[in-house]
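Colleague: Sending over a structure as structure tokens; questions will come in a sec.
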Amino acid sequence: MNGTLFSKVLLTFLLVFGSAMSFALDWSKNHLLNPLWHPHAKFHGAVLLFFFAGVAITGVWLLWRESSEPKVAITAAAALSASYWTPFFFIPYLLPGSSYWAGIPGHEPHFHGMVFYPNLLVIGIFLALTVVAWRIGVGHRASTAGIK
């Protein structure tokens, strides 16, 4: 399997599985179906899920359509993936009162005495794999770029 095909397959997985996983995890009792959530917050949460699904579909279409510039499609799909996942790391710093933890406040999991957010680990893996897919698909021949 060449680098371009590998990148397309990996990015397709990240976009489709990421969107499906977001629906499965967020359309639940601790998120959108939580009676304590404000109705308008539920609305915005659902809009975000459907927006990400549309972005994922767009990214997959870009990857697999006929193109004389597959590296542009790989870059665009990687940027779409990264633009969805990256804000998870800084939103609580920009929005007071928001939290990485969807459970009961004060009951965050700990690992070796430190607060551990499993969602950030998964998101970090998604971001790392996005970079790997982009690097392999676009940068695997960077050292010979422009050389005929």
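Colleague: In the stretch 26-33, is there at least one residue being modelled with pLDDT under 95 and loosely packed, with under 12 Cβ neighbours inside 10 Å?
Modeller: Scanning the stretch 26-33, I find at least one residue that is modelled with pLDDT under 95 and loosely packed, with under 12 Cβ neighbours inside 10 Å, so the answer is yes.
Colleague: Filter the stretch 48-104 down to the residues that are without any contact (Cβ under 8 Å) to a residue 12 or more places away in the chain and of a type in the set (F, W, Y) and list them by number.
Modeller: F50, F51, W61, F90, Y93
Colleague: Something else: With the condition being touching a Pro at 6+ places or on another chain (Cβ under 6 Å) and more than 17 Å from F126 (Cα to Cα), I'd like the helices (runs of 4 or more DSSP H) fully within the stretch 1-107 carrying at least 1 qualifying residues.
Modeller: 3-26
The values are calculated or read from the model by the stated rules, or taken from the named source; none is laboratory data. In this text, all values refer to a predicted model and were calculated from it rather than measured experimentally. So basically every Cβ, Gly included, is an ideal-geometry build from the backbone, and we count neighbours across all protein chains shown.
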